[in-house]
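Working notes, structure below.
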Amino acid sequence: MDNYVSLINGKFLKTVSVLDRGLSYGDGLFETMSWRHLRELDSFGVEFWNRHLKRLSASSLKMKIKMPSKEILNNYKDKIIKKSINSGFNEGVLKIIITRGVGGRGYKYEQDIEPTIIFLSFPKVKIDESFFKKGVNLRFCKSPIFVNHQLSGIKHLNRIDSVLARSEWRNKEFFDGVLLDDSKNMIDGTMTNIFFSKNNILYTPDLKKSGINGIMRQVVIE
């Protein structure tokens, strides 16, 4: 894949250290959001940017990862989107990856380790939006979702349960797969949250033990 822009610790690079703990242990966090070039205003907007920063801050506190300042993240966001616009993107997907940083062997990390801050920008991929009216097909995944009380709800880099579940089908018949916990409770999809409507009341699975508390999930609940 060549059609993207990457910014690593404020520089337009495409490589990280082989000793980065995000690579070695999945020791990090990520956020994914949409952005759009607002030509009439000669500006751009990132969907729910402040919400993503709030979740990133709460997640980094939970994982004890040094959180970059809001000023740094805002600066990197502006820098990569301007570069994306100059590269011909009018809208796209912005992904932030923050790892604990570069370290030696072993799980133990130094207290003064500096995080690796990665910004990725991809052009928007056109999708068939007819499913908003027609609905979609789902399937139940055989691979169970991982249960972890401490990490539940946050978008950490250890998403191997979603990777294994999503690899269960190759065709385009299904939009997503539903993940179950060990008690066969529905938790979420490999890339989606789940809601049910019954008697004009909206229900959504409890994520205290597993799953991701998606930004759109938070918006819908509010």
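The values are calculated or read from the model by the stated rules, or taken from the named source; none is laboratory data. Values in this document were obtained by computation on a predicted structure and should not be read as measured data. In this analysis, Cβ positions are derived from the backbone assuming ideal geometry, glycine residues included, and neighbour counts consider all displayed protein chains. All accessible areas refer to the heavy atoms of the entire protein, side chains included, with ligands and DNA or RNA removed. Shrake-Rupley method; radii C 1.70, N 1.55, O 1.52, S 1.80 Å.
Would you tell me the accessible area of M191, worked out with a 1.4 angstrom probe on the heavy atoms of the protein chains, in Å² to the nearest 10?
120
In whole Å, how far is the Cα centre of segment 192-208 from that of segment 63-120?
Taking the Cα centre of each part, segment 192-208 and segment 63-120 sit 32 Å apart.
Residue by residue through segment 148-165, which ³J(HN,Hα) values in whole Hz follow from phi under the Karplus form 6.51 cos²θ - 1.76 cosθ + 1.60 (θ = phi - 60°), with glycine and proline marked x?
The phi angles translate into 8, 4, 6, 9, 4, x, 9, 9, 8, 7, 8, 9, 5, 5, 5, 5, 5, 5 Hz.
Ignoring ligands, DNA and RNA, please state the percent of accessible area on segment 92-222 from carbon and sulfur, probe 1.4 Å.
The value for segment 92-222 is 55 percent carbon and sulfur by accessible area.
Please work out the Kirkwood hydrodynamic radius for the chain, using every pair of different C-alpha atoms, and report it in angstroms with one decimal place.
Working: mean 1/r = 0.0523 Å⁻¹.
Here the Kirkwood hydrodynamic radius works out to 19.1 Å.
Using Cα-Cα distances under 8 Å and only pairs 6 or more residues apart, what relative contact order does segment 156-222 have, in percent?
Numbers: 58 pairs, mean separation 14.0, N = 67.
Relative contact order for segment 156-222 comes out at 21 percent.
Between Rg and the Kirkwood Rh of segment 144-197, both from Cα atoms, what is the Rg to Rh ratio?
Radius of gyration relative to Kirkwood radius: 0.96.
Taking every pair of distinct Cα atoms and averaging 1/r, then inverting, what Kirkwood hydrodynamic radius in Å comes out for segment 1-107?
15.0
For segment 1-77, what relative contact order do you get, as a whole percent, if you take Cα pairs closer than 8 Å and at least 6 residues apart?
On the way: 44 pairs, mean separation 14.9, N = 77.
Dividing the mean separation by the residue count of segment 1-77 yields 19 percent.
Kirkwood hydrodynamic radius, computed over distinct alpha-carbon pairs, for segment 121-222: how many Å, to one decimal?
The answer is 14.9 Å.
How many times 2.2 N^0.38 Å is the alpha carbon radius of gyration of segment 62-129? Please report the intermediate quantities before stating the final value.
Details: Rg = 15.7 Å, N = 68, 2.2 N^0.38 = 10.9 Å.
Normalised Rg, Cα atoms only: 1.44.
Determine the dipole magnitude for the chain: charges of +1 sit on the beta-carbon of Lys and Arg, -1 on that of Asp and Glu, nothing else is charged, the reference point is the Cα centre, and the result goes in debye to the nearest 20.
Value, rounded to 20: 80 debye.
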